[in-house]
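K.L.:
Quick one: the structure is below, and I'll ask about it shortly.
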């Protein structure tokens, strides 16, 4: 037991931290989620510094010293520190809201307390601050503090928690839960659903299937099947048709890589056992969808996928109007943006009355995640989101080049980074779900795990 805790305790805590925004989504407000994530980040940081994976022949205190030095030497740590500082300032710089100017006799949007700093609507900046801190802890842990077995355990535990959450949300929706039912309706301008998170964790679960067979985690096989089945059901149920097709295509490519890697490295017929386990899990996910999602919704989505009618007739027009409003609002504050959560206030002042009447009620976001990111966070915010991913991609391609030069075959987790990133980036043009907190954390962790699947030493 002591060996298991020492080996996988960090992986379990970081997995719980990574999935926390997704697990709490149906139950808690953003403010409550932020508090939980902040406390979990503290526990995760303690495990990162005190319980890292130990190399062969290394004492634990030496491993702690090695990880501490590696963190402070890593430029990614300083990038995350900058992100956390700016997110903290944004969370404190509130005051944005609708106000009435009695002198001008008109309504307007109040500026944040400090005009030249990034701002946010009250209670809207706390969750991004907590998530930026959590992302730093999770990504640095996957990048520096865990060995290969611990990283595979992280993928398994995180995808298991995500799959269980997807199954629970589908059961809640079948029993009338309003949040889960709203997530099934796929209206990205009014509700940013959790589907992309389930899709990314389905890719992680696909790699975890290989790890379970490779490392003979036979007792974990039911958990692996739950991870695949739950996330597959969540992918289909909570994503619009186009996003479901794109993410499912990415999952199938990752599985093809897993199958080829199993055929080359595992003994016996394990590659076919992996195929059987994965196929049965997908069937179980389909049965879960059929048992919980209204038949009309399932038929409509399947017809849209088969016929290629991915968007309702009015979707593109709504998206065009909202993107034009976002452009106009962003042009007034290009560097710092209008503030996190402020687009819903800016909308009515940046569209013509006829366009406003044609839009749905209670619009909270642009049906284009990139415009949403740019209009609320500005150029500085976009750069801060891109900076950690830039360091992770640099490490990924650098180690891939070393591995190719040595003709060394990486593990199947190397496929997570390119295909998860490509799916998230492309689908963010059609909604904000790929930019939800749990997706960004999962994507950063996937990039770190993928980079570590290559050889680190030059030949």
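Bear in mind that the values in this text are calculations on the coordinates, not laboratory data. As the structure is a computational prediction, the values presented were derived from the model and not from experiment. For neighbour counting, all protein chains shown are included, and Cβ atoms are generated from backbone atoms with ideal geometry for every residue, glycine included.
K.L.:
Averaged across orientations, what area in nm² does the convex hull of the alpha carbons in the stretch 245-355 project?
P.N.:
Mean projected area for the stretch 245-355: 12.1 nm², to one decimal.
K.L.:
Here's another thing I want to ask about it. Neighbouring Cβ atoms within 10 Å as the yardstick, rank 206, 395, 269 fewest first.
P.N.:
In increasing order of surrounding Cβ atoms, one gets 269, 395, 206.
K.L.:
A follow-up question, please. Based on the Cβ-Cβ distance from residue 58 to residue 252, what FRET efficiency comes out when R0 is 25 Å, to the nearest 0.05?
P.N.:
Using R0 = 25 Å, I get an efficiency of 0.05.
K.L.:
Compute the acute angle (0 to 90°) between the alpha-carbon long axis of helix 221-238 and the principal axis of greatest extent of the alpha-carbon atoms of the chain; round to the nearest 10°.
P.N.:
That helix lies at roughly 20 degrees to the long axis.
K.L.:
Residue separation times 0.36 nm, minus the C-alpha to C-alpha distance between residue 287 and residue 409: what's the value?
P.N.:
40.3 nm
K.L.:
For residue 36 and residue 275 in the same chain, what is the full-extension length gain: residue separation times 0.36 nm, less their Cα-Cα distance, in nm?
P.N.:
That works out to 82.3 nm of additional length.
K.L.:
Based on the Kirkwood radius over alpha-carbon pairs, what is the Stokes-Einstein translational diffusion coefficient of the stretch 2-452 at 37 °C with 0.692 mPa s viscosity, in µm²/s?
P.N.:
D = 145 µm²/s.
K.L.:
Let me ask you something else. Order the peptides 186-192, 412-418 from the highest to the lowest mean number of other Cβ atoms within 10 Å of their residues.
P.N.:
412-418, 186-192
K.L.:
What angle, in degrees between 0 and 90 and rounded to the nearest 10, separates the Cα long axis of helix 416-427 from the longest principal axis of the Cα atoms of the chain?
P.N.:
20
K.L.:
Suppose a student asked you for the relative contact order of the chain, using Cα pairs under 8 Å spaced at least 6 residues apart; what percent would you report?
P.N.:
19
K.L.:
Order of 35-45, 400-410 by packing, highest average Cβ count within 10 Å first?
P.N.:
Taking the mean over residues of other Cβ atoms within 10 Å, the ranking is 35-45, 400-410.
K.L.:
Follow-up question, since we're still on this one. For the chain, what does the helix formula give at 222 nm: sum of -39500 (n - 2.57) over DSSP H segments with n ≥ 4, over the residue count, nearest 500 deg cm²/dmol?
P.N.:
Only helices count here, giving -23500 deg cm²/dmol.
K.L.:
To continue, here is another question. Please work out the C-alpha center-to-center distance from the stretch 8-36 to the stretch 184-218 and express it in whole Å.
P.N.:
Centre-to-centre distance over Cα atoms comes out at 15 Å.
K.L.:
Whole Å is fine, so just give me how far the alpha carbon centre of the stretch 64-122 lies from that of the stretch 271-304.
P.N.:
42
K.L.:
In nm, to one decimal, how far is the residue 264 label point from the residue 100 one, both placed 7 Å along Cα→Cβ?
P.N.:
7.0
K.L.:
Taking the Cα centroid of the stretch 223-268 and of the stretch 356-405, what is the distance between the two, rounded to the nearest whole Å?
P.N.:
Cα centroid to Cα centroid, the span is 24 Å.
K.L.:
Determine the gain in length on full extension of the stretch residue 114-residue 425; use 0.36 nm per residue of separation and subtract their C-alpha separation, reporting nm with one decimal.
P.N.:
The span from residue 114 to residue 425 would gain 108.7 nm if fully extended.
K.L.:
Okay, next question. Any idea what angle helix 437-452 forms with the longest principal axis of the chain, computed on alpha-carbon atoms, 0 to 90 degrees, nearest 10?
P.N.:
Rounded to the nearest ten degrees, it is 30.
K.L.:
Using a simple spin-label model with points 7 Å from Cα along the Cα→Cβ vector, what separation in nm is obtained for residue 179 and residue 402?
P.N.:
4.3
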